[in-house]
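The next block holds one structure in the form of structure tokens; read it before the comments.
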Amino acid sequence: MNPSKEQDHKQGYIIALVIFLAIVFIVWKGPTLQYNSMRLYFPDKKKGELRLEKRPIAPIGTLKEKAKATVEELLLGPLSRDLKILTDTDISLLRIVEGKNALFMDFSTQDIASFSSEYMTFKRALEKSLKETIPGTFHIYFFINGVLAR
């Protein structure tokens, strides 16, 4: 055999080996697909840390419509028994206004005093859920009873 023919065979085997290893890796690890559903965060009952709960609901529409659907699912509460609701206070979403790369969310509650102790957990859970469910870069501003909350 000629040395050039042996070289051609070796290159062919190397290419075949690389393709074979790539196929094995993809089958073993599985293709990485975007999880096109809601990724909601609720506090853990024991530690109070935020934990992920996936819901097989794909938010569709504009940024405002996706945000509204996500917030409504969050306000319904978790499905898992290990997680607790975001707030014990009765709170409702009045409206969402979409600005340039921003969402302005207005919530209403009658018991602002008891909600104030739960506000930071509520805010972190909403922000994290919205950022992971809805792709893109946007700022979120929360209003409680018409007043900008910090």
Spelling it out for residue 143: with amide H atoms placed in the peptide plane at 1.01 Å from N, the residues 5 or more places away or on another chain with amide H under 5 Å from its amide H are 105, 106, 107, 149
Going through 45/100; 46/123; 54/123 one by one, the pairs whose alpha carbons sit over 30 Å apart turn out to be 45/100
Which of 69, 125, 22 fluctuates most in a GNM of the chain (C-alpha springs under 10 Å)? That residue is 22
The residues 119, 41, sorted from fewest to most surrounding Cβ atoms within 10 Å, come out as 119, 41
Of the convex hull enclosing the alpha-carbon atoms of the chain, the direction-averaged projected area in nm² is 14.1
Over the chain, the sum of -39500 (n - 2.57) across DSSP H runs of at least four, divided by residue number and rounded to 500 deg cm²/dmol, gives at 222 nm -13500 deg cm²/dmol
Label model pair residue 137, residue 72: point-to-point distance (7 angstrom along the Cα→beta-carbon line) in nm is 3.0
With +1 on the Cβ of every Lys and Arg and -1 on the Cβ of every Asp and Glu, the dipole magnitude of the chain about its Cα centre, in debye rounded to the nearest 20, is 280
For region 50-107, one quarter of the surface area of the C-alpha convex hull, expressed in nm², comes to 4.7
Comparing 21, 130, 40 in a Gaussian network model of the chain (Cα, 10 Å), the one with the largest mean-square fluctuation is 21
Compactness summary of region 107-147: radius of gyration and Dmax from Cα atoms, Å, are 11.7, 34
To the nearest 10 degrees, the tilt of helix 63-76 (Cα long axis) against the first principal axis of the alpha carbons of the chain is 70
Among 24, 12, 108, the residue whose Cα sits farthest towards the positive end of the charge dipole of the chain, when +1 is placed on the Cβ of each Lys and Arg and -1 on the Cβ of each Asp and Glu, is 12
Counting only residues 5 or more apart in sequence or on a different chain, those whose built amide H sits under 5 Å from that of residue 51 are 42, 44
Computed ³J(HN,Hα) along region 109-120: with the Karplus parameters 6.51/-1.76/1.60, θ = phi - 60°, integer Hz and x for glycine or proline, the list is 8, 8, 10, 5, 5, 6, 5, 4, 6, 9, 4, 5
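Throughout, read-outs are computed from the coordinates displayed, never taken from laboratory work. What you see is a predicted model; the values in this text were computed from it and never measured. Neighbour counts run over all protein chains shown; Cβ positions are idealised from the backbone, glycine included.
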